[in-house]
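See structure below.
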Amino acid sequence: MAALVTTVAGVYGRNFAHMPELHWRYGCPSVALFMVMSVAALHWSLRRAGWW
């Protein structure tokens with residue numbers, strides 16, 4: 001699960017000047033919400049499969 005968040009944070013941790021999300025009002029909160037929701041979905045699916 002940490003690899004998913006690390007991948008998303010690694011992409012957004014780069015210093016891009018032309019990422020449209022950087023100029024959106026809710027760009028950063030929406031990326032943070034995406035990370036939380038994707039980790040929750042991954043956690044749920046792993047628990048349901050019996051891997052956790």
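Observations on the structure shown:
- Selection of the range 37-52 for residues being exposed (fewer than 11 other Cβ atoms within 10 Å of the Cβ), hydrophobic (A, V, I, L, M, F, W, C) and assigned to a helix (DSSP H, G or I) yields Met37, Ala49.
- Of note, Leu22 does not satisfy the criterion of being modelled with pLDDT of 80 or more, part of a helix (DSSP H, G or I) and either surrounded by 11 or more Cβ atoms within 10 Å (Cβ to Cβ) or within 8 Å of the chain's Cα centre (by Cα) (or both).
The values are calculated or read from the model by the stated rules, or taken from the named source; none is laboratory data. As the structure is a computational prediction, the values presented were derived from the model and not from experiment. Don't worry about glycine lacking a Cβ; one is built from the backbone with ideal geometry, like all the others, and counts go over all protein chains shown.
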